Structures are given as C-alpha cells and as structure tokens.
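Q: Sharing a structure, written as structure tokens. Questions coming.
The values are calculated or read from the model by the stated rules, or taken from the named source; none is laboratory data. Remember, it's a predicted structure, so these values are computed and weren't measured experimentally. Heads up, the Cβs are rebuilt from the backbone with ideal geometry, glycines too, and the neighbour counts pull from every protein chain shown. Heavy atoms of the whole protein, side chains included, go into the accessibility calculation; ligands, DNA and RNA do not. Shrake-Rupley method; radii C 1.70, N 1.55, O 1.52, S 1.80 Å.
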Amino acid sequence: MTEHFDVIVIGAGVMGSAAAYHLAKDGWRTLLIERFQIAHTYGSSHGESRIFRFAYNNPDYARLAMQSYPHWRALEAASGERLLEVIGGLDIAHEPAHHPDVEAVAKALAQVGGRFELLDADQIRARYPQWRLGDAAMAVFSPDSGFLRATRCVQVMVEQAVKHGATVREQEPVTAILPGQPVAVLTGVGRYSADKVIITGGAWINDLIRHVSLQLPVRVEQAQVTYFTPLRNAESFQRERFPIFIHWRNPIPSYGFPIIDRPGIKVGFHYEGYFVHPDMPRTPRDETTRQVLAYVREHLPDAAGAPFEPTACLYTNMPDEDFVIDFAPGFDNIVICSACSGHGFKFGAGIGRALADLVEHGATDMNIAHVRLRRFTSLSSS
Ligand SMILES: Cc1cc2nc3c(=O)[nH]c(=O)nc-3n(C[C@H](O)[C@H](O)[C@H](O)COP(=O)(O)OP(=O)(O)OC[C@H]3O[C@@H](n4cnc5c(N)ncnc54)[C@H](O)[C@@H]3O)c2cc1C
C-alpha cells in the first residue's frame, strides 16, 4: 500500500532536516527519508562544530546568513537547547596578496549593515597574541561570528519535525523518484507518494536527481579537520579569547575553532582537492594531518601539541562554489537543494525555510536568487 504525504523530503542532513522541521511546523504532512540513520557520519552535516558567520566576501551570502540567524534562534527557543554560540570571528591575511580577500569581506559586511572592525598587525598582536602573522598582517573582526553545534542541530531539527507530526524513515535509501501528480518515491522497503518532493542528497545528489533528468557539475571532495592539544597557555584558546578564524593564504585557506567540547583547537584546510566517490570509506590522511600540524606550528605555536581525532567529511563542490536551490527544470512540484561547496551549514535553518517556502508558496523571501539554476542557461527551468 502507498502511504501519501503532502511533502516528502529526501535526505536528512542539515538541509533536509531543516526543510522537514519548517514544513511540519507549518502543518504540512511531511515524510523525511534518510538512507542511513539520523546524524550519521558518512555525509557532510556531522561533527562538533561548524562556523557561523555573516562575514562573507559576497553580500548575497552575508544577507542569507543574516536571514538564517533568527531561524537558528527560533529553533533554540522551541527546543530549549543552545545550538549557536556567537563568540566573534577573524578573517585574516598575513600577506599583502590576500589583503583584497579580507577587504572584500569588510566591503560586503558594510554593504549589508554587518558589524566589523579592521585590525592591523599591531592590533592583531595586542588582542590575539596566540597568532604569529608578521608585520604585513591585517584582519577583519566580526563580532557576530561563532559556531553551531552541528550534529545537535540536525538531531534537534528532526526531533522538532517529529514533534510537529512528521514521519521519519531511517535506513531507507530512495531508489526511484517517479515524477507526476502525485510524485511516487520508492525505497528498498516502501512506496510513498506526495504532492511535492524536496531532494537534498548531499554528495549523492546526482544519484537522486537523475530521476528528474538532471545532473549537476558537482565534485565530491574529502575534507578533514584535526584537533590539536595546546602545548601551553591552553586558556588562551578558550572561546572567550580565541575567535573562530578563516585565514586567507596560499595555497589554500585554513579555518579553525577554539576549544569547545574537546581538549584542543580544531583546524582544517578549505578545498584540499582530494576528490573521492561518496561511497568510499572516509579515511583521514596522515599527510593532511602533518600539513595542518606544520601550519599550526607556524601560526599558532602554543597550540601545536599532539594532533588527535582527525575526522574526514565530504564537500560537494559546484565549480563556482555556489549552491543550487530551485525547482527541478520542468517540474513545479519537485525542489532540489545542493548547498554545500564546503560552506552551507550556517544557512541550514534558513535554507530549510526557503525550501519549505518554495513548496508551500512557489517563492521565498530568503535571499537565494544567486543560487537558482538560471545561472546555468542549459539547466534552467525559468
Ligand atoms: C569538514 C567540513 C567542514 C565544514 N565546515 C563548515 C563550516 O564551518 N560552516 C559551514 O557553514 N559549512 C561547513 N561545511 C559545509 C556543510 O557542512 C555542508 O554544506 C552541509 O552539511 C551540507 O548539508 P546537506 O544536507 O546538503 O548534505 P548531507 O549532510 O550530506 O545530507 C544529505 C543526506 O542525504 C542522504 N541521502 C543521500 N542519498 C540518499 C538516498 N538515496 N535516500 C535517502 N537519503 C539519501 C545522505 O545520507 C545524507 O544524510 C563543512 C563541511 C565539511 C565536510
């Protein structure tokens, strides 16, 4: 027998969980289907923390982050759990070659009315003596940056969706989507139908959207984060004194977090270029750990103790590093969402609102015009 729903959401990473949470809260009969268990570690949305920031070099993402912020706070109010910690953030350039990157962040923040301070090398040294950056360094400090407790965000959104009546099916890979009115969705164990469908497959997005005759030019990359036990002055790496950071540098930017729940700072390289198949085992690479340790030794020497808990995760990158959120071309009842490129989590609660708006009203006030499919003329639905 086919169970019928108003909306089926495929994939329970941060994007699918957020969409299901908003839809169920709005009173839509919602089914959320996940191929693994909720909060599993094979996709992109698990872990202790993700950076939250308005500080982008692109005002469209800065605006979308600002719009997402109240949705995270509303989720906290509904669940009674603190998920977003605002502790401030630094965008750092230690060489003149990267000053334009940091200046672009300041410019975008100014454009959208975000708060920030520009710091020169002396100011950075005085405020953040943990850093070794040299005399050419400059930084933007954004007081509104911080971190989200990633795994808990997903779990809490699913809990809230269920509280509002959503049905969740775990360990059920979707094997086919049959467009129509209604849309049929088949899994290894069940057959469901719905008036509308939202597809959020993360690294598996192309396996799912082939059923609507679409493929995106995404490349799946293994990304790694590693913790480092401070050698000395551990108190200077606590959240009150060590803001999250993005360090614009060659060959690739790095980013990191203060000590949160584990006894060390967490650091990663953004876009390492190690491309994988999403079904491959996630194996942290010793070479990456060594390179990140060398980076920490150079720029944060007091933190450069023993590396621990290296963790691999997946980036699903579009060539332009922008997301895709839109109706599948030719279908007004199927919405697709590929919102990673290594920077999607912070928008999760807001993108969930946008996805819910698209199926509920066909349009949204969330700032997603820049991530619609129309930028690819050959794929566009409008
Ligand atoms: C190491 C790392 C660090 C990051 N740091 C940041 C950061 O600091 N700030 C930030 O904003 N972003 C960050 N990101 C990016 C962010 O985590 C991602 O943009 C976001 O998690 C993507 O969520 P998603 O829901 O699109 O994908 P996923 O989390 O992968 O969810 C997709 C889900 O779909 C399920 N699925 C796939 N196929 C099927 C099927 N056939 N049937 C049923 N279910 C299916 C998958 O199992 C999965 O659960 C980081 C990512 C990584 C990997």
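Q: Over 14 Å, how big is the tail of the calculated P(r) for the range 23-74, in percent of all Cα pairs?
A: 71 percent
Q: Okay, next question. Quick one: dipole size for the range 68-198, taken about the Cα centre, charges +1 on Lys/Arg Cβ and -1 on Asp/Glu Cβ, in debye to the nearest 20.
A: 540 debye
Q: Over the range 210-326, how many percent of alpha carbon pairs lie in each 5 Å bin up to the one with the longest distance?
A: P(r) for the range 210-326, in whole percents per bin: 2, 11, 20, 20, 17, 12, 8, 6, 3, 2, 0, 0.
Q: Which whole-Hz ³J(HN,Hα) couplings does the range 47-53 yield from phi under the Karplus relation 6.51 cos²θ - 1.76 cosθ + 1.60, θ = phi - 60°, glycine and proline marked x?
A: Using θ = phi - 60°, the values come out as x, 5, 7, 9, 5, 10, 6 Hz.
Q: Could you sort 196, 107 by accessible area so the largest value comes first, with the probe set to 1.4 Å?
A: Largest accessible area first, the residues go 107, 196.
Q: Let me ask another. Return one whole number: the accessible area per residue of the chain in Å², for a 1.4 Å probe.
A: Per residue, the chain has an accessible area of 38 Å².
Q: Given that compact globular proteins tend to follow 2.2 N^0.38 Å, what is the ratio of the alpha-carbon Rg of the chain to that value?
A: 0.99
Q: I'd like the Karplus ³J(HN,Hα) series for the range 7-15: coefficients 6.51, -1.76, 1.60, θ = phi - 60°, whole numbers in Hz, and an x wherever there's a Gly or Pro.
A: 9, 10, 10, 9, x, 10, x, 5, 6
Q: Can you tell me the 0 to 90 degree angle between the C-alpha axis of helix 59-79 and the longest principal axis of the chain, rounded to 10?
A: 70 degrees
Q: Under the Karplus relation 6.51 cos²θ - 1.76 cosθ + 1.60, θ = phi - 60°, what is the ordered set of whole-Hz ³J(HN,Hα) values for the range 353-365, x standing for Gly and Pro?
A: Once rounded to whole Hz, the list reads 4, 4, 5, 5, 4, 4, 7, 7, 10, x, 7, 8, 7.
Q: Run lengths n ≥ 4 of DSSP H only: what is the helix-derived mean residue ellipticity at 222 nm for the chain, with -39500 (n - 2.57) per run over all residues, to the nearest 500?
A: Computed mean residue ellipticity for the chain: -8500 deg cm²/dmol.
Q: log10 I(q)/I(0), Debye, Cα-only the range 102-203, no solvent, q = 0.12 Å⁻¹?
A: Debye intensities relative to I(0), on a log10 scale: -0.70.
Q: So, one more: With +1 on the Cβ of every Lys and Arg and -1 on the Cβ of every Asp and Glu, and nothing else charged, how large is the dipole of the range 192-279 about its Cα centre, in debye rounded to the nearest 20?
A: Value, rounded to 20: 260 debye.
Q: Can I ask one more? Once neighbouring chains are kept in place and the probe is 1.4 Å, which whole percent of the accessible area of the chain is contributed by carbon and sulfur?
A: Ligands and nucleic acids excluded, carbon and sulfur reach 51 percent.
Q: A follow-up question, please. Can you give me the solvent accessible area of residue 163 with a 1.4 Å probe, rounded to the nearest 10 Å²?
A: 140 Å²
Q: So who's got an amide H within less than 5 Å of the one on residue 223, skipping anything under 5 residues away but keeping other chains? H placed 1.01 Å off N, in plane.
A: The answer is 313, 314, 315.
Q: Then there's this: List the lysines whose Cα sits under 25 Å from the Cα of residue 163, skipping any in the same chain fewer than 8 residues away.
A: 25, 196, 346
Q: Right, something else. With a Cα-only, solvent-free Debye model of the range 33-158, what are the log10 I(q)/I(0) values at q = 0.10 Å⁻¹?
A: Debye output, listed in q order: -0.40.
Q: Let me know the charge dipole size of the chain about its Cα centre in debye, to the nearest 20, where only the beta-carbon of Lys, Arg (+1) and Asp, Glu (-1) is charged.
A: For this selection, approximately 280 debye.
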